[in-house]
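See below for the structure under consideration.
The values are calculated or read from the model by the stated rules, or taken from the named source; none is laboratory data. Since the model is a prediction, treat every value here as computed from it, not as a measurement. Note that we place each Cβ from the backbone using ideal geometry, even for glycine, and neighbour counts take in every protein chain shown. The area values use the complete protein model at the heavy-atom level, side chains included, leaving out ligands, DNA and RNA. Shrake-Rupley method; radii C 1.70, N 1.55, O 1.52, S 1.80 Å.
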Amino acid sequence: MLRIPCPVCGPRDHTEFVYEGDATVAYPALDAPEQEWFEAVFLRENPRGPHSEIWHHTQGCRALLIVERDTLTHEISGARLAHPGMAAALEEDA
Amino acid sequence: MSGLRLNTGGAIDRAAQLSFTWDGKKLAGHRGDSLASALLANGERVIARGFKYHRPRGIVAAGPEEPSALVTLGKGPRRVPNAKAPEVELFDGLAASGQNAWPSVRMDVGAVNSLMSRFFAAGFYYKTFFGLTKDTAHWMQFEKVIRRAAGLGAAAREPDPDAYEVVHEHCDLLVVGSGPSGLAAAELAAAEGLDVMLVEQDFALGGGLIGAAEQVEGAWAKDWVAARLAGLKSVRVMPRTTAFGLYDGNVVGLYERVTDHLSSPDPALPRGRLRVVRPGAVILATGAIERMAAFGNNDRPGVMLAGAVERYARRFAVAPGRRTVIATGGDDGYRAALALAEAGLEAVVVDSRAAASDAVAAAADKAGIERIMGHLPLELHGKPGGYQLEIAAGGSAAGRRLPCEAVGVAGGWSPAIHLVCHRGVKPVWNEEMACFLSGEPPAGVTLTGAAAGVFGTAEAVAHARASAADAVERLTGRRPQAPEAPAPGGLGPQQPLWESKAEGRKLKSFVDLQHDVTSADIKQAAAEGYVSVEHMKRYTTHGMATDQGKTGGVLGLAILAEALGQTIPETGITTFRPPFTPVPIGAIAGRARGEHWRAVRRTPMHQVQAEAGAVFTDAGLWKRCWYMPAHDGEELGKAYVREATAVRETVGMVDVTTLGKIQVQGPDAAELLNRVYVNGFAKLPVMKCRYGVMLRDDGIVYDDGVTWRLAEDDFLMTATTAQAAGVLQWLELLLQTRWPELRVHVASTTDQWAGIAVAGPRARKALAPIVADDMGDEALPFMGILRTEVAVEGGRVPVLIARISFSGEMAYEVYTPSDFGPALWRAVEARVKAEEGCVYGVEALGALRIEKGHVTHAELDGRVTLADAGLGRMASSKKPFIGKVLAGRPELTREDRPQLAHFEPVDPAQRFRIGAIVCDPEHVEGHGLGWITGVTVAPAFGGGWLGIGMIAGGPERYADREVIIADPVRGYRVRARVFPAHRLDTKGERMHG
Amino acid sequence: MQRYNVWQVIRAGLKGPGIWDKVWDQPEPKPYYDVIVVGGGGHGLATAYYLAKVHKIRNVAVIEKGWLGGGNAGRNTTIVRSNYMMPGNTEFYEHSLKLWETLSHELNYNVMFSQRAHVNLVFTPGQRDAMARRYNIMRLNGIDGEYWDRDELMKRIPHLAYDGRYPILGAYVQPRAGTARHDAVNWGFARAASALGVDILQGTEVTGFVKKAGAVVGVEVRRGGESREIMAEKVGLAVAGHTSVLAHKAGLGRLPIETHKLQAFVSEALKPILDTVVVFGGPGHFYISQSDKGSMVFGGDLDGYCSYAQKGNLPIYEDVMANCLAIMPCLGRVRVLRQWAGVMDMSMDGSPIITKTDIPGLYLNAGWCYGGFKATPGSGHVFAHTIAKDEPHEANRRLTLDRYARGYQIDESGHGPWAKVH
């Protein structure tokens, strides 16, 4: 079981989340050239080691998190809210 | 002494006699016995038969590492095959029987295999059974025979009648194992205020101290254990519980056996519990497992591990025989001999070393135990009850024979490091102790006691207290006082027993008793070139049986290492994987069984429909009304045509609650919709709705549905039943990661609304009398929305009505808060019936949409573009939207792509089915031209068969030619004509009314 | 190569196992090979075998960082089938299945290909209808496929749960499909390739590529703690879950591949209780068969997140066991013996890539998702063809790398451009 430290809910089983893949992919503008969209949608770095990735807490607060996880050891070194405004608001609360 | 039960001693309750059966024979034992100890006490020696050669086998071990004594427990649906006799707690009424033998384990016809054993060497099956033809025909016949011969016990054919539970647990510290180190660790941590769980696979606590005659910290073992247990008041102590797996995040899987040991368990109790523990720290006090040695006929009943001999004598007061030879290569084996001598039984020690340590030698001499130094066991001769163990000085071809009834083998120890290895930790060979120890464990996990290679009770206890102090410090930041952890050691000088060999002698020396793997098999594998330890394992199947090589694994790789002329660490070890001991499938599945495998979703109007006789079908988790029989026994084929006809001629109503509903709110809500839908939503007026289609990033159609604008900044989006959850997730992903600048909030309201679609020429006539406001074309035009109330029995309920049509008729979708669903349903149903209409189900819904040419998930199968689906005109050219760019890729814009079409059989009496392939009459082969996605009797087209589906290049290409609809699986071909799918009421006169 | 047959087995029984030759050589690397295949799994070994056998290219090395067959080739659930619907897959997997049917004879090694039928259960009318298309396409392409209705199925497999949460309506069946002994496939290809002169270099890790004027002309390896270069005219990658790692080193850059973990499970050995391969999709995802040794071998979904860790976890374990009991509740008291995992090269459409690359001298065989085992002989056969002829075989001409950019996704499930859903 991966235990994901959700900034809103605390440490939770990964089964509460939906995995949304590589967080480093920059999606281009809706009318960007085809090549840019092709790369964003289809090509992946797929590292063996540290990986920034998106997890969606669908069975919890429904926030999307950016989780730093090692794909080889599964060690999780951090998690933050993906939405900058929500992250800032949480920071203020704390 | 009666049988082999000793007259005194043991941690059994002699006052509590238990009766059990073995192969139908009634036997007696005591509370505190295992099945193995009770069988031994009754003089039962042959408990099982080998896998391949069917040689008789007895009991080897005293715990779950048992490699030999597999039995079947119980019968009928509660039959359990392959139970290890030492692991089974005796209870009154236990029924055990032998397996993999006919007629019985005592006299097994299969033993003739033994005569052929020379031909059944490792991997022989890879080299033969090819058959005479090039195909697999003959092999398939050979395979049947092989399968029948293989396997161990037989599983029940009936469903397991028992229940299992899954329990989610949290604690500060989980201690695995209740031997001296586990008890000491738990006690210290509990005293420091930690929330501790202590689990023990055995039914009794104390591990090796149960029945032991030793003193610990100045107290007798029994008293010391009692004192420790007294200190565990706050600890959750769980016997009969195996920690079977250590997973990521240090989550531990436990299997607790709840009722297996009870004669007549409370039926309310589950048979077992899977406990998923998320501990702050884990201490593994799992002890060590003794190893067998390889010598001739070492598989005979009566050959046991020396530690097991000691345990049977001390804990269970059972002697393995009247005269026992203990073969050892360390001081440790003497413990068994001393235990036997204390019980007044004869014991001889054969020690491979030149000398034992002084203390051990003195103790043996004092007890009158004969010691034969510098000798190894070579071969066992004779029959159960009257053996002679031939022993020889290392390398001699022959030696003297010692008469005996049993042999105890102290082959060396393997610390039980399995759990930590589940985390990917690699074992490290320790030459001095001749065993693998754990590599650096992951943070939060500590091995202690014998599991850490710290042998000797006093040292193990000290190590455990130090480990517990570490855990306390890790979790609380404060370090309690504790002794310093001793280094691994404590076994004294060791000369591990591996394989005994003698020049010119062929010995049948087993290393895996369950799979009948001999040392010769391992050497053969090495000679053939299967030199990686994994290749050897897989080629010989060594260590792959239900014991997973716990007693023979390291022995096998030592033999491989020698055969290859390399060291054990150079040879390596195979990987330990969960579970530590086998766990029932039922326990892991827990409550997700039968009806409860998947949740059932019912709409608020389900019950009303069920009472009216509705027949339901599964749509994902939902139960949806399939059709509503007009009378008992009306079949689907009749019912849906009647229902669809009513919609075309009068009026029908259908439960549409399962549609996904997502509230989209905020100042930028319209902008979000504009980006995710291919068509525009920015200019949609308030209280109007619009059909929209959304694409995936790659330009393929994802979902469709109608979105209602309730206010400038408030939309109610509907999604298909199947994609409801996915669409919500998708919108959240977009809003939180790609477009954080958009001020929009989305939330699922699927469960908040109950919905009814009312369709047909008399739809308005049916509804108007119960709707509070005017429903005329002015007030509620096509695609208009009305917020009003509906009169129901006893009052009025709030509703939202939209004039939307899926069938092509005048139609309304009426939504009310879920709780009012049944009342709304009854009110609408009364009006529909008054207008000579009826309730319809999803089959009729399908028929109507096929006629109208509307697409569903049957067409939108994740490979279809907008144009393919006949929706190309919807795409806005004025704005970008998700998927627009990649939808322009060349293969997705080809003109010959399959596109939506209607199909009619040339001969109206002929029918075709969904999944049939549309082909060119000249080429009924390959991938065809297209395929059929929906078929119905079509009242709107004269009542003949009508299909919808896809065809290459679109229907216009086939205006003047026929196609073949081929369905080889169901065995027919039908000639058909192709039409555009949108041809019913193309001007929309029926919808607009 | 020494022939294996029943007479030799009897001779060995009488004379002792000393009559057997070494199954494969343990050579030292040569400085130069015509072709280097990176990855000593089933696909790599099969590629080398067919290069030597069909194309007579015998100066070939297979480079494996661990022990041959130690990756997914030795840790799968051994199912072999060709029930594919999409152009590209249909012809490729059937090509492979045809090779399976004679493979034991071809290799003179009994790979125990058991054509015991692959039985795909359906629970709802919608599922039954949708799957008809697939089996009809198979039939129109000369592949066997049929439907067993509920009565037929009850006769063949009586102890399924026919009226559970979802009723079992029937099953689509491919009779020629079945299982094979995975290790035997690896060993059979290794032995036959070695006998034709292929060097199998185990314990040798490719750490980099030697390039000249933009072309790959060799590999850098670490072997026994030492680094060296081995030159080659052509280098083929067949490294499954580690494809991205090597693709980066070779300069191929990012690929339409993510590496995911798939678990598998095996039970204690039982007397025969299931004579076919039984699978289902829809309300769950599950596949089960019984090995010749008697163990139930089964699995289900991916764990669902990128992983290079070959170890199991609890949630999928729970899910797979529940799926198991949903159709075979009689196995409730049967125990699981072992749980493990492999790392899968999940492509963005769920279908494989067997192709030349834009880098001269470099060839790619990847994207097997969790269906690589059944492809073993076919993959090796067409990859060898592609390497030898510098053009695809008829059976892999659609399995290109550029298909994603062109919009020709071969998406058998229709689940879209996300690796984890295939």
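Tell me the carbon and sulfur percent of the accessible area for segment B:13-115, rounded to whole percent, probe radius 1.4 Å.
In segment B:13-115, the share of accessible area belonging to carbon and sulfur is 55 percent.
Tell me, which residues of segment C:279-298 get at least 20 Å² less accessible area when the other protein chains come in, versus the chain alone (1.4 Å probe)?
Flagged in segment C:279-298: C:PRO283, C:ASP292, C:LYS293.
With r as the distance between the Cβ atoms of B:VAL145 and B:ARG894 and R0 = 60 Å, compute the FRET efficiency 1/(1 + (r/R0)^6) and round to 0.05.
Efficiency, rounded to the nearest 0.05: 0.65.
Over all alpha-carbon pairs of segment B:341-455, lay out the pair-distance distribution in 5 Å bins, whole %, shortest bin first.
Over segment B:341-455, the share of Cα pairs per 5 Å bin runs 2, 10, 15, 15, 14, 13, 12, 10, 7, 3, 1 percent.
Skipping prolines and chain starts, which residues have an amide H placed within reach, meaning under 5 Å, of the one on C:THR207, given they are 5 or more residues away or on another chain?
Sorted by chain and number, the residues that satisfy this are C:GLU220, C:VAL221, C:ARG222.
For segment B:660-751, report the accessible area per residue in Å² (1.4 Å probe, heavy atoms, rounded to an integer).
Heavy-atom accessible area per residue stands at 30 Å².
When the accessible area of segment B:660-751 is computed with all protein chains present and a 1.4 Å probe, what percentage of it is carbon and sulfur? Show your work: numbers first, answer last.
Values: 1460 of 2800 Å².
After summing per-atom areas, the C and S share lands at 52 percent.
Rounded to the nearest 20 debye, what is the charge dipole size of the protein assembly as shown about its Cα centre when +1 sits on each Lys and Arg Cβ and -1 on each Asp and Glu Cβ?
Approximately 3420 debye in magnitude.
If you take the square roots of the eigenvalues of the alpha-carbon gyration tensor of segment B:700-749 and sort them as a ≥ b ≥ c, do you get rounded (a/c under 1.5), prolate (a/b over b/c) or oblate? Before the final figure, lay out each step's value.
Details: a/c = 1.89, a/b = 1.10, b/c = 1.72.
Oblate is the answer for segment B:700-749, as a/c is 1.5 or above yet b/c matches or exceeds a/b.
So the label point goes 7 Å from the Cα of A:SER77 along Cα→C-beta, right? Which residues of segment A:15-38 then have their backbone N under 17 Å from it?
So the set is A:23-24.
I'd like to know how segment C:266-422 sits against the 2.2 N^0.38 Å rule of thumb: what's its Cα Rg over that expected value?
On the way: Rg = 18.3 Å, N = 157, 2.2 N^0.38 = 15.0 Å.
Ratio of Cα Rg to 2.2 N^0.38 Å: 1.22.
Which distance in nm do the two modelled labels at B:ALA213 and A:GLU16 give, with both placed 7 Å along the Cα-to-Cβ direction?
The modelled label-to-label distance comes out at 5.6 nm.
What are the principal axis extents of the Cα atoms in chain A, in Å, biggest first?
41, 32, 21
Accessible area lost on pairing B with A, both sides, 1.4 Å probe, Å² to nearest 100?
That pair of chains buries around 2300 Å² in total.
Can you show me the helix-derived [θ] at 222 nm for chain C, built from DSSP H runs with n ≥ 4 at -39,500 (n - 2.57) apiece and divided by the number of residues, rounded to the nearest 500. Intermediate results must be reported in sequence, preceding the final value.
Values: 11 runs with 121 residues, N = 422.
The helix-only estimate for chain C comes to -8500 deg cm²/dmol at 222 nm.
Count, for each residue of B:521-533, the Cβ atoms from other chains sitting within 10 Å of its Cβ, then give me the mean as a whole number.
Mean shielding count: 4.
Return a whole-number percent for the relative contact order of chain C, with Cα pairs under 8 Å and 6 or more residues apart as the contact set.
Numbers: 972 pairs, mean separation 92.5, N = 422.
Worked out over chain C, it gives 22 percent.
What accessible area per residue comes out for segment B:849-992, rounded to a whole number of Å², with a 1.4 Å probe?
42
Residues with beta-carbon under 11 Å from that of B:ALA858, excluding B:ALA858: net charge, scoring Lys, Arg +1 and Asp, Glu -1?
Local charge sum for B:ALA858: -1.
Give the accessible area for C:ASP21 in Å² (nearest 10); use a 1.4 Å probe, count only protein heavy atoms, and leave out ligands, DNA and RNA.
Here the residue's solvent-accessible area equals roughly 80 Å².
So for B:SER117, B:SER264, B:SER37, what's the accessible-area order with a 1.4 Å probe, most first?
B:SER264, B:SER117, B:SER37
Can you give me the accessible area per residue for segment B:531-617, using a 1.4 Å probe, in Å²?
Per-residue value: 33 Å².
What are the residues of segment B:958-993 that lose 20 Å² or more of accessible area, with a 1.4 Å probe, going from their chain alone to all protein chains?
With the partner chains in place, segment B:958-993 has these residues losing at least 20 Å²: B:PRO968, B:VAL969, B:ARG970.
How much length, in nm to one decimal, is gained on full extension between B:ARG474 and B:GLU342, taken as 0.36 nm per residue of separation minus their Cα-Cα distance?
The span from B:ARG474 to B:GLU342 would gain 43.0 nm if fully extended.
With a point put 7 Å past each Cα toward its Cβ, work out how far B:TYR972 is from B:TRP220 in nm, to one decimal.
In this crude spin-label approximation the distance works out to 8.7 nm.
Picking from C:ALA195, B:PRO761, B:LEU447, whose Cα lies most toward the positive end of the charge dipole for the protein assembly as shown (charges on Cβ: Lys, Arg +1; Asp, Glu -1)?
Of the options given, the answer is C:ALA195.
Please give the net charge around B:ALA361, taking every other residue with its beta carbon less than 15 angstrom from that of B:ALA361, where Lys and Arg add +1 and Asp and Glu add -1.
-2
Ignoring ligands, DNA and RNA and using a 1.4 Å probe, state the total buried accessible area between A and C in Å², rounded to the nearest 100. Intermediate results must be reported in sequence, preceding the final value.
Numbers: alone 6420 and 18060 Å², together 22200 Å².
Buried: approximately 2300 Å² between C and A.
Can you tell me the dipole magnitude for segment B:898-987 around its Cα centre, using point charges on the Cβ only (Lys, Arg +1; Asp, Glu -1), in Debye to the nearest 20?
In total the dipole reaches around 240 debye.
Using the Kirkwood radius over Cα pairs, work out the Stokes-Einstein diffusion coefficient for chain C at 25 °C and 0.890 mPa s, in µm²/s as a whole number.
Approximately 111 µm²/s, per Stokes-Einstein.
Report, as an integer, the average count of C-beta atoms from other chains found within 10 Å of each Cβ along C:264-277.
Numbers: counts 0, 4, 2, 6, 12, 14, 8, 12, 6, 5, 1, 2, 0, 0.
The mean count of partner-chain Cβ atoms within 10 Å per residue comes to 5.
How long is the gain from B:ASP358 to B:ALA458 if the chain were fully straight, where each residue apart is worth 0.36 nm and the alpha carbon distance is subtracted?
Working it through step by step, the gained length comes to 34.0 nm.
Run through the DSSP bridge list for segment B:13-115 and note the antiparallel percent, rounded to the nearest 5.
Of those bridges, close to 90 percent are antiparallel.
Any idea what the dipole of chain B comes to, in debye rounded to 20, about its Cα centre with Lys/Arg Cβ at +1 and Asp/Glu Cβ at -1?
Using only the charged Cβ atoms, the result is roughly 1580 debye.
Would you tally the net charge around C:ASP349, using a Cβ to Cβ cut-off of less than 14 Å, leaving C:ASP349 out, and scoring K and R as +1, D and E as -1?
Every neighbour counted, the sum reads -1.
Past 29 Å, Cα to Cα: identify those pairs from B:LYS127/C:LYS356; B:LYS127/C:LYS374; B:LYS84/C:LYS293; C:LYS22/C:LYS261; C:LYS234/C:LYS374; C:LYS22/C:LYS65, in the order given.
Violating the 29 Å Cα-Cα cut-off are B:LYS127/C:LYS356; C:LYS22/C:LYS261.
For the charge dipole of segment B:263-405, defined by +1 on Lys and Arg C-beta atoms and -1 on Asp and Glu C-beta atoms about the Cα centroid, which residue among B:GLN388, B:THR328, B:PRO270 has the Cα displaced farthest towards the positive pole?
Sorting the options by dipole projection puts first B:PRO270.
Could you compute how much accessible area chains B and C hide from each other, both sides summed, with a 1.4 Å probe? Nearest 100 Å² is fine.
Values: alone 42000 and 18060 Å², together 49710 Å².
That pair hides around 10300 Å² of surface in total.
In segment A:26-42, which residues give up 30 Å² or more of accessible area once the other protein chains are added, compared with their chain alone (1.4 Å probe)?
When all protein chains are present, A:TYR27, A:LEU30, A:GLU34, A:TRP37, A:PHE38, A:VAL41, A:PHE42 each give up 30 Å² or more of accessible surface.
At a 1.4 Å probe radius, which order do B:PHE820, C:PHE92, B:PHE979 fall into by accessible area, largest first?
Result, largest first: B:PHE820, B:PHE979, C:PHE92.
From the convex hull of the Cα coordinates of segment B:849-992, what is the mean projected area in square nanometres?
10.0
Need one number: % antiparallel among DSSP beta bridges in the protein assembly as shown, to the nearest 5.
Numbers: 212 of 281 bridges.
Of all bridge pairs located within the protein assembly as shown, approximately 75 percent are antiparallel.
When Rg is the radius of gyration of the Cα atoms in the protein assembly as shown and Rh is its Kirkwood radius, what does Rg/Rh come to?
Result: Rg/Rh = 1.00.
What number in nm² do you get for segment B:660-751 if you take the convex hull of its Cα atoms and divide its surface by four?
About 5.3 nm², averaged over all directions.
A:GLU36 to B:ALA191: FRET efficiency via 1/(1 + (r/R0)^6), r the Cβ-Cβ distance, R0 45 Å, to the nearest 0.05?
It comes out at approximately 0.10.
Pulled fully out, how much extra length does the chain show between B:GLN607 and B:THR749, if you take 0.36 nm times their separation in residues and subtract their Cα-Cα distance?
Numbers: separation 142, 0.36 × 142 = 51.12 nm, distance 2.09 nm.
Stretched out fully, the B:GLN607 to B:THR749 stretch lengthens by 49.0 nm.
What FRET efficiency, computed as 1/(1 + (r/R0)^6) with R0 = 30 Å and r the Cβ-Cβ distance, is obtained for B:MET373 and B:LYS506, rounded to the nearest 0.05?
0.65
Give me the compactness ratio for segment C:88-247, meaning the Cα radius of gyration over 2.2 N^0.38 Å.
Here the answer is 1.49, to two decimals.
Choose one of C:VAL343, C:MET328, C:GLY300: the residue whose Cα lies farthest towards the positive end of the charge dipole of segment C:289-348 (beta-carbon charges +1 Lys, Arg; -1 Asp, Glu; about the Cα centre).
Highest projection toward the positive end goes to C:MET328.
Quick one: pull the percentage of alpha-carbon pairs in segment B:523-648 with a separation above 22 Å.
Tail of P(r) above 22 Å: 63 percent of Cα pairs.
Stokes-Einstein at 4 °C, 1.567 mPa s, Kirkwood radius from Cα pairs: D for chain B in µm² s⁻¹? All intermediate terms of the calculation are to be shown ahead of the outcome.
Working: Rh = 34.0 Å.
It diffuses with D of about 38 µm²/s by this estimate.
Could you tell me what percent of the accessible area of segment B:877-993 is made up of carbon and sulfur, with a 1.4 Å probe and every protein chain present? Spell out each step's value before the answer.
Details: 2470 of 5240 Å².
Looking at segment B:877-993 in its full context, I get 47 percent from C and S.
According to the Kirkwood expression over distinct Cα-Cα pairs, how big is the hydrodynamic radius of segment B:13-115, in Å?
Hydrodynamic radius (Kirkwood, Cα pairs) of segment B:13-115 is 13.7 Å.
From the square roots a ≥ b ≥ c of the eigenvalues of the alpha-carbon gyration tensor of segment B:932-989, which class results: rounded (a/c under 1.5), prolate (a/b over b/c), or oblate?
It is oblate, given that a/c is not under 1.5 and a/b is not larger than b/c.
Using a basic spin-label model with each label point 7 Å from the Cα along Cα→Cβ, how many nm lie between B:GLN495 and B:LYS25?
For the pair B:GLN495/B:LYS25, the computed spacing is 4.0 nm.
B:LEU621 accessible area, nearest 10 Å², 1.4 Å probe?
70
Based on DSSP H runs of at least 4 residues, each adding -39500 (n - 2.57), what is the mean residue ellipticity at 222 nm of chain B after dividing by all its residues, to the nearest 500 deg cm²/dmol? Present the calculation step by step, with values, prior to reporting the outcome.
Values: 22 runs with 205 residues, N = 993.
After summing the helix terms and dividing by residue count, I get -6000 deg cm²/dmol.
Counting DSSP beta bridges with both partners in segment B:146-244, what percentage is antiparallel, nearest 5?
Antiparallel bridges: around 20 percent, rounded to the nearest 5.
What whole number of Å gives the distance from the Cα centroid of segment B:545-576 to the Cα centroid of segment B:10-59?
With segment B:10-59 and segment B:545-576 each reduced to a Cα centre, they are spaced 31 Å.
At a probe radius of 1.4 Å, what is the per-residue accessible area of B:MET810, in Å² to the nearest 10?
Counting only protein heavy atoms, the figure is 10 Å².
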